[in-house]
Amino acid sequence: MLIVIGTDGSPSGHAAVEHGAELARLAGADVLLVTVRAAPPMLLGDPHYQRRVRDDFVRSRVALADAHEELDELGLDYESELLEGSPAEELLRIAEARDADLVVVGSRGRGPVRAALLGSVSGEVAARARMPVLIVPPRAASGSDGGDAVALAGGIARFPVRARLHVQRERSLGKA
């Protein structure tokens with residue numbers, strides 16, 4: 001079994017790593033950590049472009065290093081990938097190429113209006129994935145009061161974070 005966990009170092013990315021790692025531990029699954037950095041626009045000009053690429057690369061490496069620490073503490077087997085492009089497209093591409101059983105991503109918690117205007121990586125992943133997707137809100141990270149919930153496949157099913165999780169494919173439920 002393979003769980004792909006997308007992280008960007010944000011609180012929601014950290015929550016995704018935390019919950020994805022716990023699921024992997026419980027299921028005895030391997031983990032593929034993925035960080036995708038968007039390519040900066042070339043309009044910035046060479047010195048600004050180079051600085052932005054360097055800064056984005058450093059942020060991505062820090063996000064992976066933090067996730068590595070968490071997985072090392074749990075003694076999990078994992079690989080990691082730092083990719084460039086559209087986060088949703090790249091996460092889906094690698095999850096499909098590696099025949100992942102589950103994709104875990106964080107949600108920024110923007111709300112429906114801002115997500116519709118600005119786009120949502122987690123929403124796009126859930127809408128286009130051929131495998132189950134677990135979306136974890138940032139408030140579901142450890143230290144929360146336990147009343148938080150995570151959404152499976154973009155809000156189709158909600159359940160308490162501390163509840164026993166049984167992942168079932170949407171397609172098997174007749175929802176495509």
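Miscellaneous remarks
- Count - residues of the range 1-57 that are basic (K, R) and either more than 15 Å from L82 (Cβ to Cβ) or within 10 Å of the chain's Cα centre (by Cα) (or both): 3
- Single match in A24, A65 (criterion: surrounded by 15 or more Cβ atoms within 10 Å (Cβ to Cβ) and in a helix (DSSP H, G or I)): A24
- Output for the range 45-55, where each listed residue is surrounded by 12 or more Cβ atoms within 10 Å (Cβ to Cβ) and either out of contact with any Pro (no Cβ under 7 Å at 6 or more places or on another chain) or touching a residue at least 24 places away in the same chain (Cβ under 8 Å) (or both): H48, Q50, R51, D55
- The single condition among (1) more than 15 Å from V136 (Cα to Cα); (2) modelled with pLDDT under 95 that A15 does not satisfy is (1).
- Pick from the range 90-111, criterion without any contact (Cβ under 8 Å) to a residue 24 or more places away in the chain and out of contact with any Gly (no Cβ under 9 Å at 6 or more places or on another chain), ranking: nearest to H14 (Cα to Cα): R110
The values are calculated or read from the model by the stated rules, or taken from the named source; none is laboratory data. Bear in mind the structure is a predicted one, so any value in this text is a computation, not a measurement. We place every Cβ from the backbone using ideal geometry, glycine too, and count neighbours over all the protein chains shown.
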